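One structure below.
The values are calculated or read from the model by the stated rules, or taken from the named source; none is laboratory data. Because the structure is predicted, anything quoted here is derived from the model rather than measured. Using ideal geometry, Cβ is built from the backbone for each residue, glycine included, and neighbour counts are taken over all protein chains shown. Please note that ligands, DNA and RNA were not included when accessible areas were found on the heavy atoms of the full protein model with its side chains. Shrake-Rupley method; radii C 1.70, N 1.55, O 1.52, S 1.80 Å.
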Amino acid sequence: MTLSEFQPAFVTVEQHDQAIVARMTRSQLSEEDNIDQMAQELLTLIDQFQCQRLVLSMDVVNFITSAALGKLIVIHRKLHRKDGLLIVCDVRDSVAAVLKASKLNEYFTIAPDMSQALLLASAS
């Protein structure tokens, strides 16, 4: 399967130089939305498509639970173990507040927008 044939439910994906850009398509990331499937889709990008630089745009996400954050931590750790990088960008204020309260804004690499995220991905 090629990246263009990959049809995930939680993200749209495209290749940008050395990075894969995944744009969230759901406004809420909670247990009701099968976050296990979301995590599996992102893990597929890492495992099957050998993604080393994953840019995750959260521009449509306005609600995220701790369980969904836990899945993003798993993605971050998996990439880190492979000397890769997860860059989260386009974070809305409501999600940014959750990241700050949980101190995950210091754990994740966060870029203000897609252009900055792609610069970070190419510089690493």
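Averaged per residue, the stretch 19-124 has 49 square angstrom of accessible surface, using a 1.4 angstrom probe with ligands and nucleic acids left out. Measuring nothing but protein heavy atoms, the accessible surface of the stretch 51-124 at 1.4 Å probe radius is 54 percent carbon and sulfur. Stretching the chain fully between His16 and Asp93 yields a gain of 25.1 nm (0.36 nm per residue, less the alpha carbon separation).
Using only side-chain charges placed at the Cβ, +1 for Lys and Arg and -1 for Asp and Glu, the dipole size of the chain relative to its Cα centre rounds to 400 debye.
Note on Gln28 and Ile73: the model spin-label points, each 7 Å out from Cα along the C-beta direction, lie 2.3 nm apart.
For the stretch 18-111, applying the loop criterion from DSSP together with a ceiling of 14 other beta carbons within 10 Å to the trypsin sites (Lys or Arg not before Pro) yields Lys82, Lys103.
Dividing the summed -39500 (n - 2.57) terms of all DSSP H runs of n ≥ 4 by the residue count of the chain sets its mean residue ellipticity at 222 nm at -12000 deg cm²/dmol. Taking a ≥ b ≥ c as the square roots of the eigenvalues of the Cα gyration tensor, an a/c ratio of 1.5 or more together with a/b larger than b/c marks the stretch 33-96 as prolate. Restricting the stretch 17-114 to chymotrypsin sites (Phe, Trp or Tyr not before Pro) that sit in a DSSP loop and have at most 16 other Cβ atoms within 10 Å of their own Cβ leaves Phe49, Tyr107. If you take the square roots of the eigenvalues of the alpha-carbon gyration tensor of the stretch 76-124 and sort them as a ≥ b ≥ c, do you get rounded (a/c under 1.5), prolate (a/b over b/c) or oblate? Taking the square roots of the gyration eigenvalues as a ≥ b ≥ c, the stretch 76-124 is oblate. The overall shape of the stretch 4-124 is rounded: from the C-alpha gyration tensor, with semi-axes ordered a ≥ b ≥ c, the ratio a/c is less than 1.5.
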